[in-house]
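Everything below concerns the one structure shown next.
The values are calculated or read from the model by the stated rules, or taken from the named source; none is laboratory data. Nothing here was measured: the structure is a model prediction, and the numbers come from that model. Glycine also receives a Cβ, built like all others from the backbone with ideal geometry; neighbour counts cover every protein chain displayed.
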Amino acid sequence: MSKKNWGMGGTYRQTYRDKNTGEIKQSAIWSIHYYADGRLHRESSGSANEAVARKLLKQRIGDATQGKSISLSVQRTRFEDLARILIDDYLANERGSVRRAKEALEHLRLFFGDAKATEITTDRVTSYVAHRKDEGAANATINKELAALRRAFNLALDAKKISSSPRIKKLQENNARKGFFERQQFEAVIYHLPQHLRPIVETAYITGWRIASEILTRQKQHLDLDAGWLRIDPNEAKNKEGRFFPIGAIPRLRDVLAAQADRTRELELATSQVIPWLFHRAGKPIRDFRHSWKTACHKAGLVGRIPHDFRRTAVRNLERAGVSRSAAMAMVGHKTESIYRRYAIVDSAVLNEAGAKLAALQEFQTQTSGRVVPLKAHQGSA
């Protein structure tokens, strides 16, 4: 531990052992130690600039000299406190991705353990990234974990549980998925799924809604067969905007949802129970079906496909159908056009179709060369 003393305290850079190489390293972040209330306090400045640490040290010493109370909670805050603050926030705000947050925290916990928040410095976070890469984690996966850690630190700052946070930078993601389902592929997968999962997957294929947070969470009250709508309330949506999907205009989807509602009513009568969920397993909410999904994809010869591919599929189908971009974004739930464009995948079938149209136009132009063609006739032929 490299120290520089300044009167009642000092600045220093923490040393630690790299978990991958065993090498002793020195943190790039400067910390301070000082005496107040008869106790030794240690605190990270959150900066690689020693001048920042000295400024913080003088502030702390000044507070102590004036008799101001120095909070010990900052020093006592550990990774587990950050994790608890994060999960509490997800639960309090009813965020649909709490499961993913917990998964991210599990990976972070294995590396940081019960370390103090002041010990989770920028270079320690960099070491964590290197560790996860060695484990084969994709950049997108690591970014989700870093986002959880950053959110936890921000919440702790707001709660005054820490005085600073490390700089956490996202990795470049060049692994954007481009998967989608052709109709025959979709039918092959759904054939191998259990009966209670088929309406869920059919709804995802047509609507492009997120299965975990937007389909499995639907209750009977969200379905209006008479008006022809399936809805998401504003407080539920990821982008905080309500959404309606026009099932009345899509007979196949309406039939699937009507049949699901009928099965639910029959089960309620047979078991004398009230089932609020639109999709369920014997009346119980469905939390996860990864095992059934993987088995169905394996039997269909589509190993590695994920349910989120239906989101891309729905966007592509809307593009193929000629639905306006504004309407398509409202139906699927994309708030910005840049995000929508990421999902509007141009596949080989669409390119071949475009090529055929171009060839037809060129043939038409060749045949009509040298004579005047009315504009409307030209447009109709194209």
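Okay, here's what the table says:
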{"item": "Set Ser381, Ser326: member being hydroxyl-bearing (Ser, Thr, Tyr), surrounded by 12 or more Cβ atoms within 10 Å (Cβ to Cβ) and either farther than 24 Å from Ala188 by Cβ or modelled with pLDDT under 70 (or both)", "result": "Ser381"}
{"item": "Hey, Leu197 at pLDDT 90 or above, in the same structural domain as Ile286 (by TED's automatic domain parsing) and not in a helix (DSSP H, G or I) or not", "result": "no"}
{"item": "Number of the exception - Thr366 against (1) assigned by TED's automatic domain parsing to the domain that holds Ile232; (2) at pLDDT 60 or above", "result": "(1)"}
{"item": "Tally, over segment 203-238, of residues that are free of Cβ contacts under 8 Å to residues at least 12 places away in the same chain and either aromatic (Phe, Trp, Tyr) or touching a Gly at 6+ places or on another chain (Cβ under 8 Å) (or both)", "result": "2"}
{"item": "In segment 224-252, the residues that are over 18 Å from Leu197 (Cβ atoms), not in a loop (DSSP other than H, G, I, E, B) and not small (Gly, Ala, Ser)", "result": "Asp224, Trp229, Arg231, Ile232, Arg243, Phe244, Phe245, Ile247, Pro251"}
{"item": "Residue match in segment 180-189 (condition: in contact with a helix residue (DSSP H, G or I) (Cβ under 7 Å, 6 or more places away or on another chain), assigned to a helix (DSSP H, G or I) and free of Cβ contacts under 8 Å to residues at least 60 places away in the same chain)", "result": "no"}
{"item": "Members of segment 270-303 that are touching a residue at least 12 places away in the same chain (Cβ under 8 Å) and of a type in the set (Ser, Thr, Tyr)", "result": "Thr271, Ser292, Thr295"}
{"item": "Of the criteria (1) closer than 30 Å to Ala36 by Cβ; (2) buried (at least 20 other Cβ atoms within 10 Å of the Cβ); (3) modelled with pLDDT of 90 or more, which one Thr118 fails", "result": "(3)"}
{"item": "Hits in segment 278-323 - residues which are touching a Leu at 6+ places or on another chain (Cβ under 8 Å) and under 23 Å from Lys220 (Cα atoms)", "result": "Leu278, Phe279, Ala282, Gly283, Pro285, Ile286, Arg287, Phe289"}
{"item": "Residue in segment 253-270 that is in a loop (DSSP other than H, G, I, E, B) and surrounded by 13 or more Cβ atoms within 10 Å (Cβ to Cβ) present", "result": "no"}
{"item": "Subset of segment 259-274 [under 19 Å from Asp224 (Cα atoms), out of contact with any strand residue (DSSP E or B) (no Cβ under 9 Å at 6 or more places or on another chain) and among the hydrophobic types (A, V, I, L, M, F, W, C)]", "result": "Ala259, Val274"}
{"item": "Residues satisfying the stated conditions in segment 253-269, i.e. under 14 Å from Pro199 (Cβ atoms) and free of Cβ contacts under 8 Å to residues at least 24 places away in the same chain", "result": "Asp255, Asp262, Arg263, Leu267"}
{"item": "Hits in segment 121-138 (condition: in contact (Cβ under 8 Å) with a residue 12 or more places away in the chain, of a type outside the set (Gly, Ala, Ser) and surrounded by fewer than 17 Cβ atoms within 10 Å (Cβ to Cβ))", "result": "Asp134"}
{"item": "Residue that is farthest from the chain's Cα centre (by Cα), among those in segment 187-210 that are surrounded by 21 or more Cβ atoms within 10 Å (Cβ to Cβ) and among the aromatic types (Phe, Trp, Tyr)", "result": "Tyr205"}
